[in-house]
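Okay, so here's the structure we're looking at.
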Amino acid sequence: MKKAFVSLVLLWLTVAGVNAEQPSTQVYIESDDVQLERISPAEPSSESEVDIKEREKRLRALDDKTAYMKASNSLKRGYFVLVADNVQVGNMGYRRYDINSNSNFVLVQQQDGIIQVAFNTGNPGANGLGGFTAKGKVTNQHLTTDNHGDVHLTYALNGSNVSAQVSITLYHGGKRAVAYVSPSMGGPRITIYGDILPYRDSAHRK
């Protein structure tokens, strides 16, 4: 199985008496979690401009289908990461696009889960990155697929510094997804947009 090696910053939520500076954790993204191989036909010796566009369109559609199958399978298995590219606080509130995807994510490893938001502003926030990091246990998982092919996963995340309901939707036809994080004790809902990737860290590998 081919794997892409990346580094995600996993910083636990700072509490009283705990140093905010924590070491980063090396993790792996399983880029071929679903074993699919795309075999591209040889390019014809002579193609019209219309033929070229149609061929490229078919290849893009195949790539999107493969990405969707990988992402949906990772949701079913319970080993995935939603790598964020923008985050919104509140229903109509503060939204940031200029974020670091390596430090903004939703991670599930079967019964273990992490949610991290890092705006990297002048305010260090709870995790030293201008946001928060919450680690807990994943319970009450419920997975469904609607008539449009969108995959919906809901679960509760509970730990010493978090109690929240999480709802993730993977849109049919690709790896694009959105996660809604609603704190159980009140507070603004966090909406995290990004891509679902198959993922398993070293602690959960056999």
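The values are calculated or read from the model by the stated rules, or taken from the named source; none is laboratory data. The model shown is predicted, which means the values in this text are computed figures rather than measured ones. Methodologically, a virtual Cβ is constructed for each residue, glycine included, from the backbone with ideal geometry; neighbour enumeration extends over all protein chains shown.
Give me a count of the residues in segment 58-75 that are surrounded by 13 or more Cβ atoms within 10 Å (Cβ to Cβ) and of a type in the set (Lys, Arg).
Number of matching residues: 2.
Please list, ordered by first then second residue, the pairs with beta carbon atoms under 9 Å, 6 or more apart or interchain, first in segment 92-109 and modelled with pLDDT of 80 or more, second in a strand (DSSP E or B) and loosely packed, with under 14 Cβ neighbours inside 10 Å.
These pairs meet every condition: Asn102/Ser7.
List pairs: first in segment 163-186 and within 15 Å of Gln141 (Cα to Cα), second among the aromatic types (Phe, Trp, Tyr), Cβ under 6 Å, 6+ apart or cross-chain?
Val166/Tyr155; Ser167/Tyr180
Determine whether Tyr79 is closer than 30 Å to Gly186 by Cα, among the hydroxyl-bearing types (Ser, Thr, Tyr) and touching a residue at least 24 places away in the same chain (Cβ under 8 Å).
When the stated conditions are applied, Tyr79 passes them.
Only one of (1) at pLDDT 75 or above; (2) part of a loop (DSSP other than H, G, I, E, B) is not met by Asn73, so which one is it?
Going through the list (1) at pLDDT 75 or above; (2) part of a loop (DSSP other than H, G, I, E, B), Asn73 breaks only (2).
Pick from Ile29, Ile52, Ile39: which is modelled with pLDDT of 60 or more and either surrounded by 14 or more Cβ atoms within 10 Å (Cβ to Cβ) or aliphatic (A, V, I, L, M) (or both)?
Ile52
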